[in-house]
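Inspection log for the structure reproduced underneath, given as structure tokens.
Only the coordinates and a few stated rules stand behind these numbers; no lab work does. Since we're looking at a predicted model, the values are computed, not measured. Cβ placement follows ideal geometry from the backbone for every residue including glycine, while neighbour counts extend to all protein chains displayed.
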Amino acid sequence: MESLDLLAMREAYNRQRVMLCFNGPISRSLIEEIGTALRNYLQADQAKPSAAMDVFGVYIEMTQNIRHYATQQGFNEQDASATVAIARDEDNHYVVSSGNLVMLEDGRKLVAFVETLASMDKAQLKAAYKEQLRKPRTEGAASGAGLGLLDIARKSSACLRASLHEQTDGKAFFSLSAVI
Amino acid sequence: MNTSELNIPSTQSTPAIQGDWQTGILAMQGDSYPENSFELFDQVIQWVERYLNDEARPLKLELTLLYLNTSSIKAMMDIFDLLEDAHQQGRSVSVNWHYDNRNERVAELAEEFREDCTFDFSILAFEE
């Protein structure tokens with residue numbers, strides 16, 4: 001087995017100003033624990049309460065979306081893994097990113113949806129969000145990530161960035177990044 | 001146990017909730033971000049429905065909620081819809097939403113709920 005180069009990992013994280021990151025199967029309690037650690041970091045970082053709440057909210061919606069999707073697809077632990085990172089960019093904004101495996105077709109729809117969101121202004125996003133909120137529970141569940149993505153887009157100061165990398169077995173790695 | 005009273009302690013991801021049948025006050029404090037909010041809020045929604053159905057007295061919500069995930073927002077919207085229906089039928093219902101004045105996000109969240117309500121809905125800042 002190739003030995004882990006922890007120093008290279010550390011240097012990469014430091015260079016990209018990663019505050020917190022996680023890679024692996026994600027459970028309900030792990031989302032909460034990492035969330036608490038994130039809040040503590042943000043407090044230590046003296047983030048404004050509103051910014052801290054936005055970063056935390058985006059992290060929660062991203063990870064809960066991943067959990068819902070993996071459960072709905074009946075993914076095994078390996079495929080249900082999530083990759084999550086919270087970093088600072090050169091302008092000192094917080095950047096929340098997450099990635100997970102999706103079925104290729106779903107991934108394409110997600111990327112298209114994120115592109116649609118990017119073309120909307122704040123007022124349009126709010127209208128779409130309120131409309132989605134008013135959909136019946138069952139319908140809302142079927143449409144999956146819609147409400148969460150709208151919420152993330154509304155909390156972001158720049159357009160969301162999404163990408164898709166094809167993997168084996170008709171799956172793809174979907175990654176999403178939001179700047180707060 | 002008196003089934004008319006609601007008393008749910010908080011957890012890391014769910015708020016503390018108290019429903020006092022005698023005074024007609026439903027209170028909630030804290031963050032709410034469970035994966036499936038309806039596992040928690042269904043009993044609150046039922047309490048509100050039962051109270052509005054069985055009693056003619058006013059219903060008052062005293063909220064000190066902070067962060068809500070979208071799942072919890074959907075559940076809270078259902079509760080406010082019940083209040084709105086009751087208000088349309090001439091019932092006395094009201095909401096006081098208290099927030100720390102250092103965190104305007106909470107006031108914005110409350111304001112988005114208030115936009116869809118015509119009953120008495122106050123958003124009140126407090127200083128720690």
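Quick notes on this one:
- Under 5 Å between amide hydrogens, built in the peptide plane, is the criterion, and for A:Met19 it picks out A:Ile86, A:Ala87, A:Arg88 among residues at least 5 positions away or on other chains.
- Separation of alpha-carbon centers, region A:30-68 and region B:44-78, rounded to whole Å: 26
- Inter-site label distance for B:Asn53 and A:Ala158 at 7 Å from Cα along Cβ, in nm: 5.2
- Computed over the Cα atoms of the protein assembly as shown, the ratio of the radius of gyration to the Kirkwood radius (Rg/Rh) comes to 1.00.
- Relative contact order (%) - criterion: Cα under 8 Å, at least six apart; region: chain B: 21
- Applying 1/(1 + (r/R0)^6) with R0 = 45 Å to the Cβ-Cβ distance of A:Glu115 and B:Thr23 gives a FRET efficiency near 0.30.
- Peptides B:95-102, B:30-37, ordered by how many other C-beta atoms sit within 10 Å of their residues on average, highest first, read B:30-37, B:95-102.
- Shielding by partners for peptide A:158-167, expressed as the average number of C-beta atoms from other protein chains within 10 Å of each residue's C-beta, is 0.
- Legend: P(r) of region A:6-179 from all alpha carbon pair distances, 10 Å bins from 0, whole percents, reading 9, 37, 38, 14, 1.
- Comparing A:Gln72, A:Val96, B:Ser94 along the charge dipole axis of the protein assembly as shown, the residue lying farthest to the positive side is A:Val96, per the Cβ-charge model.
- Highest to lowest packing among A:166-176, B:60-70, scored as the average C-beta count within 10 Å: B:60-70, A:166-176
- Taken one residue at a time, the phi angles of region A:36-47 give Karplus couplings (6.51, -1.76, 1.60, θ = phi - 60°) of 5, 4, 4, 4, 5, 4, 4, 5, 5, 7, 6, 5 Hz. Gly and Pro are set to x.
- Amide H partners (placed H, <5 Å) of A:Asp79, local residues excluded: none
- Among A:Leu38, A:Leu104, the order by Cβ neighbours within 10 angstrom, fewest to most, reads A:Leu104, A:Leu38.
- Exercise: per-residue mean of other protein chain Cβ atoms within 10 Å, B:30-43: 2
- Rounded to whole Hz, the Karplus (6.51, -1.76, 1.60) HN-Hα couplings of region A:169-180, x for glycine and proline: 6, x, 10, 8, 9, 9, 10, 9, 9, 10, 9, 9
- Prolate/oblate/rounded label for region B:31-128 (Cα gyration tensor, a/c 1.5): oblate
- Under Karplus coefficients 6.51, -1.76 and 1.60, residue-wise ³J(HN,Hα) of region B:91-98 in Hz, glycine/proline x: 7, 8, 9, 8, 10, 10, 10, 9
- Spatially close lysines, pair count over chain A: Cα under 28 Å, gap of eight or more or interchain: 17
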